[in-house]
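The values are calculated or read from the model by the stated rules, or taken from the named source; none is laboratory data. Note that the structure is predicted; figures quoted are calculated from it, not measured. When we count neighbours, we look across all protein chains shown, and the Cβ atoms used for this are built from the backbone with ideal geometry, even at glycine.
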Amino acid sequence: MFISRRKMTPIVGKSKTGEERVLRLTKIMSKHVETVRATKVIAGAGAGEFHVYASFESMSKAASVSSSLSMDDEMQALMAEREADQSLELVGPEAFRRVFGEPNPNTHAGLVRVYQMPRKHVPLAVDLVDEMANTYSDDTVNIMATVPVIAENMDRLSVFYGFADLAGLGEGIDRIGMSEEFQKFVMRGNELGTLIESYAMQRIH
């Protein structure tokens, strides 16, 4: 139901150290929550960033995990390293509510399209995503949508298109994204909100 996200931008010259710390963070978080994923933005908005996502059935569970993380010895050591020798600019965690779909453990690459829209349009947008997902139900794409609960920008709807790997992502953009049918969905979406950014991600953990 809920997803947390930590966005981390590597400091120039410290990308390798930054990625190592992202992977350590993911492993530490995995002790406290079942579903944790780390990705790298490979194209589009925020290219080069690392994102760490975790899924929770409720906000109370998310708060409980946050509390246990703060007392974890490995987490405290990692944060001390970050303070002494910074390699990443951290934003988050932010919290989002899943309004359509669910994470697929077999997804290793994906495209995210972010819309800015009034909250009153979100139910209509979710119906549109549902219709689109039904249209491509026989395809390999996994479609999910989220809205922010605790975040800097609250007037957003993010739609995730997940694929098994980068090759599948590229083929999906050619097969689905460039089709006349998909472009009709895009035009209908533009009546509800404004597409403000898009980025491609690859899973690293």
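Note on segment 162-205: residues that are assigned to a loop (DSSP other than H, G, I, E, B), under 19 Å from the mean Cα position of the chain (by Cα) and over 16 Å from ALA47 (Cβ atoms) amount to 3.
When GLU131 is tested against (1) under 16 Å from SER55 (Cβ atoms); (2) loosely packed, with under 14 Cβ neighbours inside 10 Å, only condition (1) is not met. The numbered conditions (1) polar (S, T, N, Q); (2) modelled with pLDDT under 90; (3) surrounded by 14 or more Cβ atoms within 10 Å (Cβ to Cβ) are all true for SER87 except (2). Just one of the listed residues (ALA63, ALA38, ALA43) is closer than 19 Å to ASN104 by Cβ and either out of contact with any Cys (no Cβ under 6 Å at 6 or more places or on another chain) or of a type in the set (S, T, N, Q) (or both), and it is ALA38.
For GLY13, the criteria (1) surrounded by fewer than 14 Cβ atoms within 10 Å (Cβ to Cβ); (2) under 16 Å from the mean Cα position of the chain (by Cα) hold in every case but one, which is (2).
One line per residue, one yes/no per condition, for (1) of a type in the set (S, T, N, Q); (2) free of Cβ contacts under 8 Å to residues at least 40 places away in the same chain; (3) over 22 Å from SER55 (Cα atoms):
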residue	(1), (2), (3)
THR146	yes, no, no
LEU169	no, no, yes
SER179	yes, yes, yes
MET187	no, yes, yes
GLU191	no, yes, yes
ILE204	no, no, no
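Filtering segment 11-52 to residues that are assigned to a strand (DSSP E or B) and in contact with a Phe, Trp or Tyr (Cβ under 9 Å, 6 or more places away or on another chain) leaves VAL36, ARG37, ALA38, THR39, LYS40, VAL41, ILE42, ALA43, GLY44. The number of residues in segment 107-144 that are over 15 Å from ASN190 (Cβ atoms), touching a residue at least 60 places away in the same chain (Cβ under 8 Å) and aliphatic (A, V, I, L, M) comes to 3. Being closer than 19 Å to ARG203 by Cα and of a type in the set (A, V, I, L, M, F, W, C) holds for only one residue in VAL122, VAL141, VAL129, and it is VAL141.
Within segment 27-59, being at pLDDT 90 or above, more than 14 Å from the chain's Cα centre (by Cα) and β-branched (Val, Ile, Thr) holds for one residue alone: ILE28. Total residues in segment 171-205 satisfying the condition of being of a type in the set (Gly, Ala, Ser) and at pLDDT below 95: the figure is 4.
Taken residue by residue, segment 72-84 has no member that is over 29 Å from ASP165 (Cβ atoms) and within 20 Å of the chain's Cα centre (by Cα).
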